[in-house]
1. Kindly list the number of the only condition in (1) farther than 21 Å from residue 293 by Cα; (2) modelled with pLDDT of 95 or more that fails for residue 52.
2. Can you find even one residue in the stretch 262-282 that is within 24 Å of residue 196 (Cβ to Cβ) and in contact with a Phe, Trp or Tyr (Cβ under 7 Å, 6 or more places away or on another chain)?
3. List the residue pairs whose Cβ atoms are under 9 Å apart, where the first residue sits in the stretch 142-153 and is among the charged types (D, E, K, R), the second is in a loop (DSSP other than H, G, I, E, B), and the two are 6 or more positions apart or on different chains.
4. From the list 55, 3, which residue is without any contact (Cβ under 8 Å) to a residue 24 or more places away in the chain and of a type outside the set (Ser, Thr, Tyr)?
5. If you go through the stretch 65-102 one residue at a time, how many are farther than 16 Å from residue 300 by Cβ, out of contact with any helix residue (DSSP H, G or I) (no Cβ under 7 Å at 6 or more places or on another chain) and of a type in the set (D, E, K, R)?
6. What is the number of the single condition among (1) buried (at least 19 other Cβ atoms within 10 Å of the Cβ); (2) within 18 Å of residue 260 (Cα to Cα); (3) modelled with pLDDT of 95 or more; (4) out of contact with any Lys or Arg (no Cβ under 8 Å at 6 or more places or on another chain) that residue 179 does not meet?
7. I'm trying to understand the selection: among the residues of the stretch 250-273, which are of a type in the set (Asp, Glu) and outside any helix (DSSP H, G or I)?
8. Which one of 235, 246, 195 is more than 30 Å from residue 108 (Cα to Cα), of a type in the set (Val, Ile, Thr) and buried (at least 18 other Cβ atoms within 10 Å of the Cβ)?
Amino acid sequence: MGGANSVDEVEMFLQNMFADKNILTMDRYTRKLVASIIIYKRLEDVKETFITHLGGKSPLPSLTNQLISKLKERLDIPIAPAMRYVPPFATKALEGFKKEGIEELILFPMYPQYSTTTTLSSIEDIEQRCEALEYTPKITVIDPYYDEYEYIKLIAGKIMEAIGNKETKEYDLVLSAHGLPMSIIKNGDPYEKQVEASVSALKIYLRERGVAFHNIKLAYQSKVGSSAWLEPNLVDLLRNPRHRKVLIYPLAFTIDNSETVFELDIEHREIAKKIKYEDYIVANCFNSDDGFVDLIVKKVEGLL
């Protein structure tokens, strides 16, 4: 989706996100009204979060650029980021590709699990921008990799990196995926099933390697509004602890962003502190780790 490069881009991000028909699935007039209400209620709080806790910008763009720098050392093709709601938008890269005579685009979704609200929205955005530029390359999209061995191995590595020398059996492992409204799931979005498949594959991977946690749980974060969303909600889970040592892994993200750095590691840590958790750990995303570079390179090279 991208991340605001400055506080001034926060409003742009919110406006573009809530104008997306895949995010708010009602008719465009209702969507515009609902978007205005949500933005009015959230804008100043989100801006304050960016100023106070994030140094005025999302960590996502710079981390993405670090990943791209590593990819450029391994792949002899043009590589560019395309973010959905804030710059860099796809248009600038597409203009350059058209000028260079590039005839095929390979899209690598930064979302391991497919959703109409994320992967599909981004693909449609690029297709529309190509059409506006009268640019007609062949477009190939890398398939979701939510249960692939290398992806699961990377998750396990980040979890073990986060827990360090501590005893895993003393901790609950909470796999936190970004939530979605149930209305979108009921409309056929495969996201929930793919998230559950990621959890199942990870449990098998850890068990086969003798890594045992006190418990492994799936939860969903970032709920907005009063409608029904995927359950259990991470906040509710944290507020009703059956165990007070927890490690959180951000399952649906590959790059750290405001929802991992602030929501998980600052905001939810405060909840754990107030309820007197004995330990609260948040694992990092893959970011520009060599293993993630390897995964992307392997998938792209398989198409070249």
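The values are calculated or read from the model by the stated rules, or taken from the named source; none is laboratory data. None of the values given here were measured: they were computed from a predicted structure. No Cβ is skipped: glycine too gets one built from the backbone with ideal geometry, and neighbour counts run over all protein chains shown.
1. Here residue 52 meets the rest and fails (2).
2. no
3. 143/109; 143/114; 147/112; 148/112
4. On the way: 3 fails: without any contact (Cβ under 8 Å) to a residue 24 or more places away in the chain.
Exactly one residue qualifies, and that residue is 55.
5. Initial filter on the stretch 65-102 (farther than 16 Å from residue 300 by Cβ): 65-66, 83-92, 94-96, 98-101.
Applying the additional criterion that residues be out of contact with any helix residue (DSSP H, G or I) (no Cβ under 7 Å at 6 or more places or on another chain) yields 65-66, 83, 87-89, 92, 95-96, 98-101.
Retained after the next criterion (residues that are of a type in the set (D, E, K, R)): 92, 95, 98-100.
Result for the stretch 65-102: 5.
6. Of (1) buried (at least 19 other Cβ atoms within 10 Å of the Cβ); (2) within 18 Å of residue 260 (Cα to Cα); (3) modelled with pLDDT of 95 or more; (4) out of contact with any Lys or Arg (no Cβ under 8 Å at 6 or more places or on another chain), only one is false for residue 179: (4).
7. From the stretch 250-273, those of a type in the set (Asp, Glu) are 256, 259, 263, 265, 267, 270; that's our starting set.
Hit for the stretch 250-273 is 256, nothing else.
8. Numbers: 235 fails: buried (at least 18 other Cβ atoms within 10 Å of the Cβ); 195 fails: more than 30 Å from residue 108 (Cα to Cα).
After applying the criteria, what remains is 246.
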